[in-house]
Amino acid sequence: MKISRILISFLLLLALAFPKISSAQINKVPNLKYHDFEPYFFGFILAANQMDFTIETVENFQQLSFNQSQIDEDDLPTTKNFDHLSVYGITSTPTLGFTVGIVGDLMLGKHFDFRFIPSLAFGSRILRYDLREYVGIDSIIPFVMDQKITSTFIELPLLLKFKSARVHNFRAYAIGGIKYNFDLASQANKKELGNFEPKLFRADTQVVGGAGFDFFMNWFKFGVEFTMNYGLRDMLLRENNIYTDGIKSLRSKIFMITFTFEG
C-alpha cells in the first residue's frame with residue numbers, strides 16, 4: 001500500500017537523522033523549555049489518511065440470487081438477457097485522502113494531556129464485487145464491478161495523550177480515545193430511482209489508538225503521529241440489491257499519518 005511505503009521511508013529517514021540531531025543539540029539549551037508548564041495551547045494538523053472498510057459477509061452469500069431489477073444495467077457485461085446473478089466475493093480497496101484540523105490541548109498532569117481536534121477529512125473507498133452472470137444452463141460470465149464511495153467527514157475526537165519524559169527536544173507518546181464522525185457526502189437520505197450506489201449512514205463513532213513523536217523546535221512544537229481508527233457502527237444502508245444484500249456488516253477503518261504544529 002502507498003501509505004505503508006511512506007511510513008517505512010519516514011521511519012528510515014528518522015532513524016538516520018535522529019543521531020545527528022541529538023549530537024548537535026546535546027550541549028544546547030532546550031527549545032521551548034517552559035512549554036510543559038503551560039496549562040493549555042493550540043495548533044493545527046495536516047494529515048494523510050487511508051480510508052478502508054472492514055467487511056463481514058452474509059453466511060453462504062454466494063448462494064444468493066439476484067435479478068435484473070437489483071443491479072444497475074450499466075454495470076453489466078455485454079449481455080443483459082440473463083437468468084440470474086450471484087456474488088462470489090466482496091473486497092475493499094483503500095485510497096489516499098487528506099485531513100486538516102485545529103488542535104486544542106489541555107494539560108492534565110506531568111504525563112497526560114486531554115486533546116480535542118475538530119477536523120475535516122476527505123477520502124474515498126472502493127467496494128469490489130466479484131460477480132457471475134448466468135445465461136441459460138451452461139453459460140457463466142464472470143466479471144468484476146467496482147463501486148467508489150466518497151466521504152467528507154466532520155471529525156470530533158476526544159483523546160487522551162500519555163507522554164514520556166522529555167529528552168532534550170524530543171518526546172514519544174501514546175494516544176487513544178473516541179471520535180464522532182459526520183459524513184457530509186452521505187447519500188443515505190437520497191431516494192433516487194435507479195440509483196444503486198452503496199450508501200453509508202451519516203453518523204459513526206470510532207475508537208482511536210496510536211503513537212507519535214514530538215520535536216521541540218525554536219518557535220513551535222512539531223509532531224508526527226500514527227493512528228488507527230476503527231468504526232463501531234455498521235454503516236451500510238440495506239436496499240435489497242446486489243450491492244448490499246451479501247454484506248452483513250460494513251465498518252470504517254482509517255489509518256492516518258498526522259503532522260502537528262503547536263504553539
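Overview of values
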{"quantity": "Spherically averaged projected area of the chain from its Cα convex hull (nm²)", "calculated": "16.4"}
{"quantity": "Where labels lie 7 Å past Cα in the beta-carbon direction, separation of K191 and Q147 in nm", "calculated": "1.9"}
{"quantity": "Candidate aspartates and glutamates for bridging to K110, where Cα separation is under 13 Å - those fewer than 8 sequence places away on the same chain excluded", "calculated": "D36, E38"}
{"quantity": "Out-of-range pairs (alpha-carbon distance over 28 Å; input K163/K199; K179/K248; K148/K179)", "calculated": "K163/K199"}
{"quantity": "Estimated 222 nm signal from helices in the chain, with DSSP H stretches of n ≥ 4 weighted -39500 (n - 2.57), rounded to 500", "calculated": "-3000 deg cm²/dmol"}
{"quantity": "Rg/Rh ratio calculated on Cα atoms of the range 201-260 (Kirkwood radius)", "calculated": "1.25"}
{"quantity": "Under-5 Å amide H pairs with L64, H placed in peptide plane, nonlocal only", "calculated": "V87"}
{"quantity": "Length-normalised contact order for the range 84-132 - Cα pairs under 8 Å, 6+ apart - percent", "calculated": "55"}
{"quantity": "Which of H35, G101, I117, positive extreme of dipole for the chain (C-beta unit charges)", "calculated": "H35"}
{"quantity": "Computed over the range 120-180, Cα set: Rg, Dmax in Å", "calculated": "23.5, 74"}
{"quantity": "Centre separation in Å (Cα based) which lies between the range 191-254 and the range 68-141", "calculated": "10"}
{"quantity": "Nearest 10 degrees, 0 to 90: helix 2-25 Cα axis against the chain principal axis", "calculated": "10"}
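Values in this text are rule-based calculations from the coordinates and carry no lab data. Computed from a prediction, not measured in an experiment: that's the story for all the values here. All Cβ positions, even for glycine, are placed from backbone atoms using ideal geometry, and neighbour counts span all protein chains on display.
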